[in-house]
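One structure is given below, encoded as structure tokens.
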């Protein structure tokens, strides 16, 4: 896979509506260059709409969307066409062409956007097929394979141009939990190799807790929070805590919003012994998945941890304690992985390690 550098994606005050229905408003968010971010939120909060806005398929009524410094809400169609080449996009259903076999589906961006020979195209396509576990299925049509295989074929197609930005819409849709974990591992490996900027839209609590460097959440047409995983995983924000623990108790209801009377009734049921429906609440910060052995150490981790240390003093005391413990543990394992176990004393403070000197 060719070496690349992820680019920053930034929105300023973007607002999107369909007719009289406001989807979200005044959303300002910065996806740090070369890091993995996740966008959470209940169904119907416009997460997929947000992804489509980032690539210019949908245009917001207000605000700006900057991709590598260019505002795609005001640029020309020619500029937008070039900017889209930075992206690899995995849609929920794979979005494959039904009349093409998997090989031709995956080869399509190469034939559309490059002048590579068919020999080179075949090499790249077979590499991506192997990467996504689809070798041997390249001659099949999308209608002849499972939903999970279509999802993986969509990912293979998203990767053929070695994109600098990868957008992933509901990676667990159509996949069982085991395949979802493999796909998450693959995304982290890709980030380690090419430093791509990745945004994952998901409902999957386990994925949200263990994979991304940064987490954001949409609710009630607003961006509730966005920041490093350590901050969101220790947050006392009710909607964030409810979602990350999958509980009925909290502001999110079946129709998205609850009134105070309903919240009181549900709390009374739980107090009386009724199960809240979620997972057991986990104390502290769950360890983050890492790139596989043999991959470069992910630079995104060190960049994120440096930001967390800078804002640590602004967080509640309990959060500071949990975050400090998490950072101390990750310093030991990550710096040893970067420099080798023969230098265990290297695991002091990642702020002292100059950027670019950890190559794995």
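Before moving on, here are some points about what is shown:
- Legend: ranking of residues 151, 85, 52 from fewest to most surrounding C-beta atoms inside 10 Å; resulting order 85, 52, 151.
- For peptides 214-226, 100-112, sequence by mean Cβ density within 10 Å, most packed first: 214-226, 100-112
- Computed over the Cα atoms of the stretch 9-229, pair by distinct pair, the Kirkwood hydrodynamic radius stands at 17.9 angstrom.
- From least to most packed, judged by other beta carbons within 10 angstrom and beginning with the fewest, 176, 213 follow the order 176, 213.
- In plain terms, the residue of 201, 49 with the fewest other Cβ atoms within 10 Å comes first and the most crowded comes last, giving 49, 201.
- Full extension of the chain segment joining residue 321 with residue 115 gains 68.7 nm, where the gain is 0.36 nm per residue of separation less the Cα-Cα distance.
- On the basis of the beta-carbon distance and an R0 of 35 Å, residue 15 and residue 310 show a calculated FRET efficiency of 0.70.
- Potential lengthening of the chain between residue 75 and residue 141 amounts to 20.1 nm, from the contour at 0.36 nm per residue minus the alpha-carbon distance.
- Using C-alpha pairs under 8 Å with a sequence gap of at least 6, the mean separation divided by the residue count of the stretch 9-229 gives a relative contact order of 30 percent.
- Cα gyration tensor category, rounded, prolate or oblate, for the stretch 15-77 with a/c compared to 1.5: oblate
- Relative contact order (percent, whole number), the stretch 1-111, Cα cutoff 8 Å, 6+ residue spacing: 24 percent
Each reported figure results from applying straightforward, stated rules to the coordinates on display, with no laboratory input. This is a predicted model, so every value here is computed, not measured. With ideal geometry, Cβ positions are generated from the backbone for all residues, glycine too; neighbour counts draw on all protein chains shown.
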